[in-house]
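Q: Got a structure here, written out as structure tokens. Questions coming.
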Amino acid sequence: MSENKSYVVGFPRIGEERELKKVLELFWSKKCEFSEVESVALKLKQRHWAYQRDAGIDLISTNDFSLYDNMLDMIVTLGATPSRFASLKNEELYFSMARGNKDAVAMEMTKWFNTNYHYIVPELSLEDNYKLNATKIINEYKEAKEFGINAKINIIGPLTFLGLSKRQDGGDVYELYNKISPVYEELLEQISLLNEEIIVQIDEPILVKDLDTKVLSLVKPTYDKLALISSNIKIALVTYFEHSNEATKILVNTPIWALGLDFLHGSENKKGLETIAKSDKKLLAGVVDGRNIWKCDLEATSTLIKSITDVVKKEQVLLSTSCSLLHTPFSLKYEEKMDSEIKNWLSYAVEKIDELSLLTALTFEENLSEEQEELLQANKKANESRRTSALIHDKAVQTRVEERTKLSRDGVYEERIKIQKEQLGYEDLATTTIGSFPQTPEVRAARRSFKNGELEEVEYIKEMQNYIDECVVFQEECGLEVLVHGESERNDMVEYFGEQLKGYGFSQNGWVQSYGSRCVKPPFIYGDISRPQPMTVKWSSYAQSKTDKIMKGMLTGPVTILNWSFVRDDMARGDVSKQIALAICDEVDDLQNAGIKMIQVDEAAFKEGYPLRETKIPEYEAWAVRDFKIAVSSARVGTQIHTHMCYSEFNDIIRTIEAMDADVISIETARSGNELLKIFAEVGYKQEVGPGVYDIHSPRVPTVEEMVKQIESLLEVLPKEQLWINPDCGLKTRKWEEVKPSLINMVEAVKIVRATIA
Ligand code: GLN
Ligand code: ZN
């Protein structure tokens, strides 16, 4: 067998036509048997193996597939089932852990590093006893073998598994190390029986974070041990999303076979090259971007590869994707409507493995075939077109960004708030909502028909206005003080703006798994961003015309727009964000000129964009804060700027939040009482705050009494002059039957509290 040179960390699994999603949802609604799920799953695995085999990839994964999540699979493999599911078995156990059942709440889910993929968080306890169940891993390996693929086996490593777990009693998860590691050893023993020689890919992305010495001190003993379990197992330890230089130094002195490093999102990994060169380790050089949708620039990537092989000899190097391709969509073949020039700049998973293959030939072979030469030329052309296309490069936008000198709004907070309170006349503990009201089936249907061209624009506008009317009537009746129009015209808070901005693209089938069967289709920023015309003014001013109360304008902020899109890779993220900020700034100005006096600029994804490494945080914060401030820099002193963030842990970033200088911020705190609000008081935060007083993620209607209590506990932390009263987040996923009584109770609760403190 010729030497292995190309390596794919993992492949997406939901299916290019979301087959897995569809069959899972049928099964969950009891419309098909589990065997049907299994047969679709097998077809998908085989198709994905075939894609990689046909692209000429040497090392292909098994166990990168999952019916829900790889962490959940690892929980099953290790027998780390929480006790509330103990009576269940097989698929019932598996899906109950993921989704809950009538007797037990689902396990928690959270974001996988800084991606938009969510994993199931293992719940561990000192009383646990773990027991190996290698069935899935072994079966998948055998399926691949039967299909003619001599595959590697992917598993999540013990350090990452523990690092991403939580302990019920809040204790240190690494105290369970001695219980977990024997199960890993046993797993490798079982794997070793499967073939004469097997590569096991152990994912340890935790090693790219700033690690404390305790975790680092576990690296060597763990891999000394695991790599020697059996002489026929070769361990490929794979990291991604950042550099892992601290761990690299340790790992080269363990008996692992190969080390996977991400040279795109962790370019500092280059500093570890000398160490690797001096060792006997193979280097899996992650050079094809697994987190973006752009066609690889093969010339530039060859230069990157050259800089690697200048240090580490070619015999030691394999070329790899930067991480699993899970974070990219499947295949461009379903993009039938996309502008052909733009489509020619893109590359999804299926196209990326071809790029990897071509790069491998370019790097390791003397001569390219005629076909490869042609592909190389086509790639050159596509990248040349990206460098010069008028669709991308807009001089007017660039000049405007360069010449912008007004970077923040006029007036300091103390001065602004005085004027605003006078002009706007809202009371202490003013009530409002976060923006969206329930998205009813009728609203969704109207939007869809309008998009498909089945509904005339005038008709569509009328329908949306009727909905706004209903929202206004309800809010007035219930006694809310600052109203919203309800966002019925928006499918999604980023897509809505993306669709109206120049430089933004949309795919037909660019689905990426977000969690379980759920996928998102992020829009993509391909060019310089500008705003051809106002985006929200007609809705907001219509809504304002229907009430004498204050109607809050509703925008999405530049950092959130950026963090929830695929972003062009030919420009720094901060520069892209600045262009978006100027577009939003124009919208703020148009809104205030149309008579809107309060404008909320949502930064729901502000925290998500934080880098994995401390040293990179100041740079992110610098441009993220700068661009929020630019986005609202057109607001006059009397125009009140609100922002909203969907999380509550502000301890690390409170100074940054303060620096954004919004007049009012609403945050998610209902589930944590007044605990998380305390930091605002501790640091002497001056601006106004709306801590959510009830959890909108649950269908439950909160009672007046509990919200009175909640408000009173907030008042223990901040004075009434500084507090707003609102739900935790937008209400679009809720039903009117839940929203109406909840808000009526919320307003009632405020009345009671006001009476007691008057
Ligand atoms: N204004 C948006 C809404 O109410 C905010 C959503 C969010 O924070 N994710 O839906
Ligand atoms: Zn929110």
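Laboratory data are not the source of any read-out in this text; all were calculated from the coordinates shown. Being a predicted model, the structure only gives us computed values, none of them experimental. We place every Cβ from the backbone using ideal geometry, glycine too, and count neighbours over all the protein chains shown.
Q: So how strong a dipole does the chain carry about its Cα centre when Lys and Arg Cβ are +1 and Asp and Glu Cβ are -1, to the nearest 20 debye?
A: 160 debye
Q: Right, something else. How would C32, C729 line up from fewest to most surrounding beta-carbon atoms within 10 angstrom?
A: C32, C729
Q: Okay, moving on. Of the listed pairs K145/K333; K421/K720; K5/K234, which have alpha-carbon separations greater than 18 Å here?
A: Table pairs above 18 Å Cα-Cα are K145/K333.
Q: Follow-up. Quick one: length gained pulling K102 to D410 fully straight, 0.36 nm per residue minus the C-alpha distance?
A: Full extension from K102 to D410 adds 105.4 nm.
Q: Going by C-beta contacts inside 10 Å, put R291, R671 in order with the fewest on the left.
A: With the fewest neighbours first, R291, R671 line up as R671, R291.
Q: Lys/Arg Cβ at +1, Asp/Glu Cβ at -1, dipole of segment 455-557 taken about the Cα centre: which of Q533, M551, G503 is farthest positive-ward?
A: G503
Q: While we're on this one: If one takes the longest principal axis of the Cα atoms in the chain, at what angle in degrees, from 0 to 90 and to the nearest 10, does the Cα axis of helix 736-757 lie?
A: Taking the Cα atoms of the chain, the angle to 736-757 is about 60 degrees.
Q: With the Cα gyration tensor of segment 547-704 giving a ≥ b ≥ c as the square roots of its eigenvalues, does the rule (a/c under 1.5 for rounded; else a/b larger than b/c for prolate; else oblate) give rounded, prolate or oblate?
A: oblate
Q: Something else now. Taking the Cα atoms only, what angle lies between the long axis of helix 370-388 and the longest principal axis of the chain, rounded to 10 degrees?
A: 20 degrees
Q: Per 0.36 nm of contour for each residue apart, how much would the distance between D210 and E737 grow if the chain were fully extended, relative to their Cα-Cα spacing?
A: Computed gain between D210 and E737 is 185.1 nm.
Q: Among the listed pairs K281/K314; K136/K521; K225/K270; K21/K166, which have their C-alpha atoms separated by more than 18 angstrom in this model?
A: From K281/K314; K136/K521; K225/K270; K21/K166, over 18 Å: K136/K521; K225/K270; K21/K166.
Q: What Kirkwood hydrodynamic radius do you get for segment 296-433 when you take the inverse of the mean 1/r over all pairs of distinct Cα atoms, in Å?
A: Roughly 20.2 Å, rounded to one decimal.
Q: May I pose another question? If I stretch the segment between A681 and L93 completely, what's the gain in nm (0.36 nm per residue apart, minus their alpha carbon distance), one decimal?
A: Extra length from A681 to L93 when fully extended: 207.2 nm.
Q: Treat the chain as a sphere of radius equal to its Kirkwood radius over Cα pairs and apply Stokes-Einstein at 10 °C in a medium of 1.306 mPa s; give the translational diffusion coefficient in µm²/s, rounded to a whole number.
A: The calculation lands on 57 µm²/s.
Q: Loop-only check: which trypsin sites (Lys or Arg not before Pro) in segment 58-138 are DSSP coil with at most 14 other Cβ within 10 angstrom?
A: Here the sparse-neighbourhood loop sites are K89, K102, K131.
Q: Another one. Nearest 500 deg cm²/dmol is fine: what mean residue ellipticity at 222 nm does the chain get from its DSSP H runs of n ≥ 4 alone, each adding -39,500 (n - 2.57), divided by its residue count?
A: -13000 deg cm²/dmol
Q: For each of K271, K720, count neighbouring Cβ atoms within 10 Å of the residue's Cβ, then give the residues from fewest to most.
A: Fewest-to-most ranking of K271, K720: K271, K720.
Q: Additional query: For the pairs K546/K709; K271/K578; K306/K381; K209/K313; K306/K352; K451/K740, flag any whose C-alpha to C-alpha distance is greater than 25 Å.
A: In this structure, K546/K709; K271/K578; K209/K313; K451/K740 lie more than 25 Å apart at Cα.
Q: Along the Cα-to-C-beta direction of E470, a point sits 7 Å from the Cα; which residues of segment 713-731 have their amide N less than 19 Å from that point?
A: 730-731
Q: Quick check: the angle from helix 135-146's long axis to the longest principal axis of the chain, C-alpha only, nearest 10 degrees?
A: So the inclination is approximately 60 degrees.
Q: Tell me, what is the FRET efficiency for A755 and I419 to the nearest 0.05, using R0 = 35 angstrom and their Cβ-Cβ distance as r?
A: According to the calculation, E is roughly 0.75.
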